[in-house]
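Q: Here it is, the structure in full.
The values are calculated or read from the model by the stated rules, or taken from the named source; none is laboratory data. Bear in mind that the values here come from a model prediction, so they are computed numbers and not experimental data. Reconstructed Cβ throughout: ideal geometry from the backbone, glycine too, with neighbour counts over all protein chains shown.
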Amino acid sequence: MAKLTRERILDVARSHFARDGYRRASLVEIARELGVVKGALYYHVPGGKLALFNAVMEREEQRMLAAMRRAARRARDPREALRAVFDARLEVLRDLKDLHGVRREIGEEISALTLAQERSFRRRERDLIAEILEDGERRGVFAPRGPRRAVAAAIQAMIHALTVPELFGRDDTAPGRARDRSGLRDAFFDLVLYGLETREPDAAAQDAG
């Protein structure tokens with residue numbers, strides 16, 4: 001029997017949460033697959049099922065954030081960095097879906113549970129986006145648009161809104177769906193990077209008045 005380690009517990013737990021969702025996942029079944037009694041899990045991951053779920057999510061979030069940071073560092077400019085962060089995030093989520101065959105309802109349940117908790121990942125992801133915005137302002141690529149962290153939070157919310165439905169939506173292999181998803185991504189970044197107005201906001205406001 002393989003040695004019981006925290007990493008092995010998290011690997012098995014991840015597959016159960018991905019297959020069964022949080023509510024239906026069972027610590028007894030996780031322990032049975034590991035060849036131990038349920039109590040042995042608590043030595044490596046103190047707490048109950050929520051603590052184990054959080055440990056699984058924290059590990060995946062650390063991997064995702066590392067991938068996003070690598071992608072941002074490889075980018076040639078801040079515009080490309082924002083797109084690279086989006087793509088890296090989505091690639092990690094797709095890898096998880098491909099590995100475990102996550103169903104739509106399971107993905108939505110897990111997403112809702114993680115969003116309901118104030119997780120350090122969201123703050124660090126927001127910080128990464130804010131760093132890219134700051135770099136863009138310093139280079140003269142982006143114009144300042146209000147409090148930087150508020151702008152970063154808005155971009156983060158839009159990225160989440162696009163990636164979760166794309167990952168767990170139905171008819172994922174339907175003809176034209178990949179093209180539609182790509183179009184949504186491009187439209188989002190066109191809006192973020194170039195905006196809607198053709199004139200300076202102050203001039204437009206004066207005309208409206």
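Q: Mind listing whichever residues of the stretch 51-83 are small (G, A, S) and either more than 22 Å from L115 (Cβ to Cβ) or over 14 Å from the mean Cα position of the chain (by Cα) (or both)?
A: A51, A55, A71, A72, A75, A81
Q: Is it the case that I110 is under 30 Å from A25 (Cα atoms) and crowded, with 17+ Cβ neighbours inside 10 Å?
A: Yes; evaluated as a whole, the condition is true for this residue.
Q: If the requirement is being farther than 25 Å from V151 by Cβ and either in a loop (DSSP other than H, G, I, E, B) or over 13 Å from the mean Cα position of the chain (by Cα) (or both), which of these qualifies: I132, I106, I110?
A: After ruling out the rest, the residue left standing is I106.
Q: Filter the stretch 115-128 for residues that are touching a Lys or Arg at 6+ places or on another chain (Cβ under 9 Å) and free of Cβ contacts under 8 Å to residues at least 60 places away in the same chain; which is surrounded by the most Cβ atoms within 10 Å (Cβ to Cβ)?
A: R126
Q: Condition (residue is outside any helix (DSSP H, G or I), touching a helix residue (DSSP H, G or I) at 6+ places or on another chain (Cβ under 8 Å), modelled with pLDDT of 65 or more and among the hydrophobic types (A, V, I, L, M, F, W, C)) applied to the stretch 143-155: is it met by at least one residue?
A: yes
Q: Hey, does the stretch 125-139 have a residue that's modelled with pLDDT under 80 and either of a type outside the set (A, V, I, L, M) or within 18 Å of M57 (Cα to Cα) (or both)?
A: No, there is no match, as no residue in the stretch 125-139 is modelled with pLDDT under 80 and either of a type outside the set (A, V, I, L, M) or within 18 Å of M57 (Cα to Cα) (or both).
Q: Of the residues that make up the stretch 129-149, is at least one among the acidic types (D, E), free of Cβ contacts under 8 Å to residues at least 60 places away in the same chain and exposed (fewer than 13 other Cβ atoms within 10 Å of the Cβ)?
A: no
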